[in-house]
Amino acid sequence: MTFLKDRLKKALDGLLMSRVKSSGQFVVPGQRLGVIEEFVPNSGTYVKDGYIFSSSVGYVLIDFVNKKVSVYPVARNINVPRIGSIVLGWITGVQNSSATVQIVKVGRKFLSGHFTGIIHISDVSHRYLDNMYDAFRIGDLIRAKVISDKNKTFHLATKDENLGVLYAFCSQCGGILIKRRSLRCAVCGTIEKRKIASDFGKGVL
Ligand SMILES: [Zn+2]
């Protein structure tokens, strides 16, 4: 019964989360293509926790007869994060020891794809940090460096002076934080902490 429930849940999740419905759709690495119950993963794909993901930047080919899904890679010079890339992104989640980032720009170019990065607490700052909430909050715009792409996950770091939060918003009222001696909400005056970049609030994106 539990097994069936799990299967049903996975199939439903697959239907809900899957963005790929037909051949020819442009996909990026890490984008979900389906579940292993629906398709046999073929070239340009990988499987994790029962889901099939794209491992390339390219176009999906779904063979409905043989139930196979593949990704045909496009030219390599397309803009994707690489080790050493400087990226811009929004903080989408903060946990005790890590934060997740939606990467929106690599180098000077904005992306059309969906790339997710993760920052571990030990990669935030040269100083010891015991609470991730003192570095980032959801909605912050940050600049970070890609330090690893192990297991198809972009691991980011903000240790350098020029890396960290560029814009941040008050967790109490949503007002923009202004840097004086500390970071202070322009609307309600709340004082907050962040790992800021040296050009915090200067508008340089
Ligand atoms: Zn405020």
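Using packing as a proxy for protection, rank 59-71, 125-137 so that the peptide with the highest average count of other Cβ atoms within 10 Å comes first.
59-71, 125-137
Under the rule of at least 5 residues apart or a separate chain, name every residue whose amide H is placed under 5 Å from the amide H of Leu163.
Ser198
Taking a ≥ b ≥ c as the square roots of the eigenvalues of the Cα gyration tensor of segment 97-205, is the shape rounded (a/c under 1.5), prolate (a/b larger than b/c) or oblate? Walk me through the intermediate numbers first.
Working: a/c = 1.85, a/b = 1.47, b/c = 1.26.
It is prolate, given that a/c is not under 1.5 and a/b is the larger ratio.
Once amide H atoms are built 1.01 Å from N in the peptide plane, which residues 5 or more positions from Val35, or in another chain, come under 5 Å H to H?
So Val35 has HN proximity to Ile52.
Which of the aspartates and glutamates could a cross-linker bridge to Lys105, judged by Cα under 18 Å and excluding same-chain residues fewer than eight apart?
Of all the aspartates and glutamates, those that pass the test against Lys105 - Cα under 18 Å, at least 8 places apart if same chain - are Asp140, Asp149, Asp199.
Do you know the relative contact order of the chain, to the nearest whole percent, from alpha carbon pairs under 8 angstrom that are 6+ apart?
On the way: 458 pairs, mean separation 27.7, N = 205.
Contact order relative to length: 14 percent.
Residue by residue, what Karplus-based ³J(HN,Hα) values in Hz, rounded to whole numbers, does segment 159-171 have, using 6.51, -1.76 and 1.60 with θ = phi - 60° and x for Gly and Pro?
These are the phi-based 3J(HN,Hα) values: 5, 6, 3, 7, 10, x, 6, 9, 9, 9, 10, 4, 6 Hz.
In degrees between 0 and 90, to the nearest 10, how far off the longest principal axis of the chain does helix 2-17 point, with axes built from Cα atoms?
With both axes taken from Cα atoms, the answer is about 70 degrees.
Mind jotting down the distance between the C-alpha centroids of segment 49-67 and segment 129-157, whole Å?
28
Each residue of segment 30-36 in order: what ³J(HN,Hα) in whole Hz does its phi give by Karplus 6.51 cos²θ - 1.76 cosθ + 1.60, θ = phi - 60°, with x for Gly and Pro?
Residue by residue, segment 30-36 yields x, 6, 6, 10, x, 10, 5 Hz.
Once a ≥ b ≥ c are taken as the square roots of the eigenvalues of the Cα gyration tensor of segment 22-64, is the result rounded (a/c under 1.5), prolate (a/b larger than b/c) or oblate (a/b not larger than b/c)? Intermediate results must be reported in sequence, preceding the final value.
On the way: a/c = 1.90, a/b = 1.18, b/c = 1.60.
Oblate, because a/c is 1.5 or more while a/b does not exceed b/c.
Using θ = phi - 60° and the Karplus relation 6.51 cos²θ - 1.76 cosθ + 1.60, list the HN-Hα couplings for segment 94-99 in order, rounded to whole Hz, with x at every Gly or Pro.
So the J values, rounded to whole Hz, are 10, 10, 4, 10, 7, 9.
Amide H to amide H, which residues 5 or more places from Phe115 or on other chains are under 5 Å from it, using H placed in the peptide plane?
Ile103
Tell me, what is the Rg over Rh of the chain, with Rh the Kirkwood radius over Cα pairs? Don't skip to the end; give the middle numbers.
Details: Rg = 19.7 Å, Rh = 18.7 Å.
That ratio equals 1.06.
Anything over 32 Å Cα to Cα? Flag those among Lys152/Lys179; Lys150/Lys179; Lys150/Lys193; Lys48/Lys202; Lys68/Lys145; Lys48/Lys159, in the order listed.
Details: Lys152/Lys179 36 Å; Lys150/Lys179 35 Å; Lys150/Lys193 30 Å; Lys48/Lys202 41 Å; Lys68/Lys145 36 Å; Lys48/Lys159 30 Å.
Pairs exceeding 32 Å: Lys152/Lys179; Lys150/Lys179; Lys48/Lys202; Lys68/Lys145.
Since every read-out is calculated from the coordinates, none of them should be taken as a lab result. Worth saying up front: this structure is predicted, and the values here are computed from it rather than measured. Neighbour counts are summed over all protein chains in view; Cβ atoms, including those assigned to glycine, are modelled from backbone coordinates with ideal geometry.
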